[in-house]
Amino acid sequence: MSRARFDVRVSRTRARRFHARHLGAAVDEHDWSSLDPRAYPPHLVDRARIAWTENAFNEYCTAAGLAQMQQAMLVARVPLDLLAMASGFVADELVHVELCARVARALGGGAPIDYDPAALELEVEAAAPLARAAELVVRICCVGEALSVPLLTGAMRAAAHPVTRGVLQRIVRDEAPHGAFGWLFLDWAAPRLTARELARLGRSAAATISRYETLWEPLVGGASDGVTREGFALRHVHELGWMEAGAYQALARRTIAADVIAPLARYGIDAAARRPRPRGG
Ligand SMILES: [Fe+2]
Ligand SMILES: [Fe+2]
């Protein structure tokens, strides 16, 4: 395994001009200097820098997953309308990488994240081309993106600074079709999958949900009277782009049940079986 330090390589090659519509416009519309780290306690700014760097890294991982998903769908000869819809998703995620990295930079710079670049390629259990594509769509879109859309929307509504709010608005706008895609794909693919393949999709979805649950450990929370358990002003927490942790976790649990497990069940995919119970009720 070879490790690498995650860094956002924003190049100024001529290629960037071709992507002005994506990268340039999205980045230039924010007044980055208005997000002043001196307005917040240094310890909270450090946490926010780490969180926004992790957001950038997660967006990068999603870009890699979506690229792999696209290739698997091409191999599986998925209909062109579905292929065309998903073909812009990677570019969306690259915009999100840069936006999140810019927030971290505005707050004083990105935090170091070491990772194995080869691990960006997801291991897929299924062998048949359509089942492989379906496994990736279910894990990335039906679980990952369907879960992230309401959570990002919650964070966007709580975001109390024009920069964090604007960045989250852009991300939410792009993510909605990513979340919707999984169900459009399953409309077409689910009737073509065997009972055994559907059962495997259920296990795969359940495992993906379990991995997300570890992300819901309290970040900054337990607020009462406008102050978090750690003594941070809730207003600062919101300006830096977080929801209060208790509200975030409650929303995540509701979303898993209503927007992931229930719709998957309608396609004969049981993601509730043998799933560890979430902690804290
Ligand atoms: Fe994204
Ligand atoms: Fe996305």
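Since every read-out is calculated from the coordinates, none of them should be taken as a lab result. Because the structure is a prediction, the values reported are computed rather than measured. Cβ placement follows ideal geometry from the backbone for every residue including glycine, while neighbour counts extend to all protein chains displayed.
Worth pointing out:
- The order of VAL75, VAL227, going from fewest to most other C-beta atoms within 10 Å of their C-beta, is VAL75, VAL227.
- In Hz, Karplus ³J(HN,Hα) per residue of the range 86-92 (6.51, -1.76, 1.60; θ = phi - 60°; x = Gly, Pro): 7, 5, x, 5, 4, 4, 4
- Kirkwood Rh and Cα Rg combined as Rg/Rh, the range 68-198: 1.03
- Remark: PHE89, PHE57 ranked as PHE57, PHE89, counting other beta-carbon atoms within 10 Å and listing the fewest first.
- For the chain, the mean residue ellipticity at 222 nm estimated from helices alone is -18000 deg cm²/dmol, where every DSSP H run of n ≥ 4 contributes -39500 (n - 2.57) and the total is divided by all residues, rounded to the nearest 500.
- Distance from the Cα centroid of the range 153-195 to that of the range 65-141 is 13 Å (rounded to whole angstrom).
- Note that the range 115-128 has calculated 3J(HN,Hα) couplings of 8, 9, x, 5, 6, 5, 7, 6, 7, 10, 7, 5, 9, 5 Hz, one per residue in order, obtained from phi through the Karplus relation 6.51 cos²θ - 1.76 cosθ + 1.60 (θ = phi - 60°); glycine and proline are x.
- When the chain is described by a simple charge dipole with +1 on each Lys and Arg Cβ and -1 on each Asp and Glu Cβ, the residue from GLY246, GLN70, ALA199 located farthest towards its positive end is ALA199.
- For VAL227, residues with placed amide H under 5 Å, excluding near neighbours: LEU234
- Theoretical FRET efficiency, 1/(1+(r/R0)^6), r = Cβ-Cβ of ARG173 and ARG38, R0 41 Å, to 0.05: 0.85
- Charged-residue dipole, Cβ positions (Lys, Arg, Asp, Glu), the chain about Cα centre, Debye nearest 20: 220 debye
- Normalised by 2.2 N^0.38 Å, where N is the number of residues, the alpha-carbon radius of gyration of the range 23-266 equals 1.05.
- The range 242-250 - phi-based ³J(HN,Hα) in whole Hz, Karplus 6.51/-1.76/1.60, Gly and Pro as x: 9, 8, 4, 4, x, 5, 5, 5, 5
- Sites count as exposed loop sites when they are GluC sites (Glu not before Pro), lie in a DSSP loop, and have at most 16 other Cβ atoms within 10 angstrom; the longest stretch of the chain without one is 126-229.
- Cβ-defined net charge surrounding ILE171, 9 Å radius [Lys, Arg +1; Asp, Glu -1]: -2
- Extension gain, ARG192 to ARG235: 0.36 nm times the residue separation minus the Cα-Cα distance gives 10.5 nm.
- Scanning residues 5 or more positions from ILE113 or on other chains, those with amide H under 5 Å from its amide H are PHE6, with H placed 1.01 Å from N in the peptide plane.
- Neighbourhood charge, 12 Å Cβ-Cβ cut-off, centred on PHE57 and excluding it, Lys, Arg +1 and Asp, Glu -1: -4
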